[in-house]
Amino acid sequence: MKKSQHRSLSPYRFPDKKGHFGEFGGRYVAETLMPALKELEAAYQKIKGDASFRKEFQSYAADYVGRPTPLYFASRLSEATGHRVYLKREDLCHTGAHKVNNTLGQILMALRMKKKRVIAETGAGQHGVATATMCARFGLECEVFMGDEDIRRQSLNVFRMKLLGAKVTGVSSGSATLKDAMNEALRDWITRVQDTYYCIGTVAGPHPYPLMVRDFQSVIGKEARKQVQKQTGRLPDYLMACVGGGSNALGLFFPFLQDKRVKIIGVEAGGDGLSSGRHAAAIGGGKPGVLHGQKSYLLQDPDGQIIPTHSISAGLDYPGVGPELSFLHQAGRIDFVSVTDKEAMAGFDWLTRLEGIIPALESAHALGFLKKSAKKLKKNSIIVINLSGRGDKDMGTVADYHGVSL
Amino acid sequence: MNRIETKFKDLKHQSGKAFVSFITAGDPNLATTERLMHRLESAGVDILELGVPFSDPMADGPVIQRSSERALKAGASLKKIIAMVKKFRRSSQLPILLMGYLNPILAYGFEDYFRDAAAAGIDGTLIVDLPPEEGEAIRRSAHSHGVSLIYLLAPTSDDERIGLVAKQGAGFIYYVSLTGITGAKIAADLSSQRALKTLRRQRTLPICVGFGVKTPAQAKKVATLADGVVVGSALVELIETHGVKNGLTAVESLAKRFSRAIHSLG
């Protein structure tokens, strides 16, 4: 079963013209947005083959974002695990996370589409900061929607966005987290679709967003693939990345999908544990459904209502996941696991103390998985982990967790 | 021919316009909704649109969002709503359509849903986040059970999309009066909107205009441009502000005024 499905991934022709990855993806939106999505798709097709766009993107990626980011051999982590562990240092990107790879691409597109106003949703605030940053750089009006709960736990990023000139609009409906911020951003887009560009921060939403964001984030995997071969002489045995919506994960994984020997592991947010019901593991604990314009795995009750999620990490606190990841899960190409808040915090402390790198709580999930499963992996494996962001923004949450008042 | 289709055929003979009213099913509870349905019928509503509450109503404004939250809190579900309509059907032939988001219908199983909906006497279904491009299998299922799958069109819709919806839609076309969410302010330029003009020339299906119709005077104006007018947030808001006891009477009395305004034409 698995084998034949693997064959069908080569050559890899997903999404199809309508934005489907097998049964997943698509374009499930209110009619008002359909023309805007078609306009966006046409604009994306145009820039995709445009050498001047690529040149512009690469120039900003190099001099403004700081690409290529290093692939760092973590020798003390390696010693501790008995493997060769490499960290893809997206935490060193301008603004502190991989999110900026995507906002750079999308804001350059918004400019070409002559949009004056940009909106975005954000959970941890990293995508909001990255969008606000690009809007400041290019003089665009920017409004970021953020759940009230996230505003509370990511107050530093809220302040950063405001310094950058963005308007931050709190969202109090539902669970007041990322999904509700996305609802509100969609409502705003429906209302102001003519002059507004909606910059979605992950590989989710209606077509062409999952495709577009994947392509912009694939720079991570393209660089990592070259770097790991240069440093070790071969491809890695494992790739690991945390998965919320899935943009850092798919960015790293995508250029390796055809490398059948490379095992790929996506780490979802297990919260208090999958059996507790308080988690954000869409693939581990959900089933296929439709939300935010796409069909994908979704945390929902038997009536199809979306279930409130929980994760210590605001960036992973989302009930869905990108459709391509659902597809690659079903095709057996990616293994999805989850780690709890506690295990993620152990990964956080571990990396901080052993390597002097403070990871974002999102990225700490991938490290938490390595820590707990290192012994079960084939000895002396080459492991590439996407260190998707740095932890500065999480100091408040971490202090709370340890019972320290700052 | 289901009750919605029959209703428009009858109205056409009388050159009358349809008063379509929207309320959220289960707000504040299903027993009240059932009573409200009878009141709306006696107030002169031609077609009743029942909102199926969803946890994440992306195309709805604050009024409908809050009513969905109240309904979900009181335990409303698609299954219970269908059962309520079945009971209502014993004493009424009012055309009824369900309006909501796709996920609850997928969770129910769309084949099962259309089978059960038809058996309960539900005539139409409008799924806000299901454009015709994604709707083929669902449309076939609806059609085979005699349920009209109603599509939306908007001021942003181009000729190609208008053609697509005119071809694939059933029952009527729900034209969203504005580029926005439910309960927003109605567009002043409705009569000059290109999409509406194009749509009116097609004349394949009846056109009902909704979103933002707040007063009987507005409804009367809108009715001159369409075959029917949808009134939603204005009624739902009364349930919120008046509570169950006085809400029923308040909704009924406002519905009567809308009915007179819309039915004064023709």
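The values are calculated or read from the model by the stated rules, or taken from the named source; none is laboratory data. Because the structure is a prediction, the values reported are computed rather than measured. Virtual Cβ from ideal backbone geometry, glycine too; neighbours counted across all protein chains shown.
Points to keep in mind about this one:
- Selected residue (only one of B:Ala195, B:Ala187 is assigned to a helix (DSSP H, G or I), among the hydrophobic types (A, V, I, L, M, F, W, C) and within 14 Å of chain A (Cβ to nearest Cβ)): B:Ala195
- Filter pass, B:Leu50 being more than 16 Å from B:Ala170 (Cβ to Cβ), among the hydrophobic types (A, V, I, L, M, F, W, C) and more than 13 Å from chain A (Cβ to nearest Cβ): yes
- When A:Lys295 is tested against (1) touching a helix residue (DSSP H, G or I) at 6+ places or on another chain (Cβ under 6 Å); (2) of a type in the set (Lys, Arg); (3) closer than 28 Å to B:Tyr113 by Cα, exactly one condition is not met: (1).
- Residue selected from segment B:245-266 under the condition part of a helix (DSSP H, G or I) and loosely packed, with under 14 Cβ neighbours inside 10 Å, by the criterion modelled with the lowest pLDDT: B:Lys245
- Complete set of residues in segment A:135-148 that are under 21 Å from the mean Cα position of the chain (by Cα) and in contact (Cβ under 8 Å) with a residue 40 or more places away in the chain: A:Glu143, A:Phe145
- Residues being in a helix (DSSP H, G or I) and either within 17 Å of B:Leu48 (Cβ to Cβ) or not acidic (Asp, Glu) (or both) - total across segment B:212-244: 18
- Residue under evaluation B:Ala250, criteria (1) in contact (Cβ under 8 Å) with a residue 40 or more places away in the chain; (2) farther than 15 Å from B:Leu153 by Cα, criterion not met: (1)
- Tally, over segment B:62-90, of residues that are in contact (Cβ under 8 Å) with a residue 24 or more places away in the chain and more than 19 Å from B:Val251 (Cα to Cα): 16
- Pairing residues of segment A:152-176 that are closer than 20 Å to A:Phe138 by Cα and part of a strand (DSSP E or B) with residues that are at pLDDT 95 or above and among the acidic types (Asp, Glu), at Cβ distances under 7 Å and at least 6 apart in sequence or on separate chains, gives A:Lys167/A:Glu143.
- The condition of being part of a loop (DSSP other than H, G, I, E, B) and crowded, with 20+ Cβ neighbours inside 10 Å holds for A:Arg67.
- Condition met for A:His365 (crowded, with 21+ Cβ neighbours inside 10 Å and within 19 Å of A:Gln126 (Cβ to Cβ)): yes
- Set side by side, the residues A:Ala36, A:Ala42, A:Ala61, A:Ala80 differ, and just one is among the small types (Gly, Ala, Ser), within 14 Å of chain B (Cβ to nearest Cβ) and touching a residue at least 40 places away in the same chain (Cβ under 8 Å), which is A:Ala36.
- Considering segment A:15-33, the residues that are assigned to a loop (DSSP other than H, G, I, E, B) and in contact (Cβ under 8 Å) with a residue 40 or more places away in the chain include one that is nearest to the other protein chains (Cβ to nearest Cβ), namely A:Ala30.
- Flag for A:Ile190 being β-branched (Val, Ile, Thr) and either at positive phi or part of a loop (DSSP other than H, G, I, E, B) (or both): no
- None of A:Glu324, A:Glu362 is in a helix (DSSP H, G or I), modelled with pLDDT of 95 or more and under 30 Å from B:Phe110 (Cα atoms) except A:Glu324.
- In segment A:230-307, counting only strands (runs of 3 or more DSSP E) that sit wholly within it, the ones holding 2 or more residues that are buried (at least 24 other Cβ atoms within 10 Å of the Cβ) and more than 14 Å from every other protein chain (Cβ to nearest Cβ) span A:238-243, A:263-269.
- Verdict on B:Arg66 being of a type in the set (Lys, Arg), in a helix (DSSP H, G or I), within 14 Å of another protein chain (Cβ to nearest Cβ) and farther than 20 Å from B:Leu130 by Cα: yes
- Scanning segment A:62-100 for residues that are of a type in the set (Phe, Trp, Tyr) and closer than 24 Å to A:Asp237 by Cα, we see that the one that is farthest from the chain's Cα centre (by Cα) is A:Phe73.
- Considering segment A:159-215, and only residues there that are more than 14 Å from chain B (Cβ to nearest Cβ) and touching a Pro at 6+ places or on another chain (Cβ under 7 Å), the residue that is surrounded by the fewest Cβ atoms within 10 Å (Cβ to Cβ) turns out to be A:Leu211.
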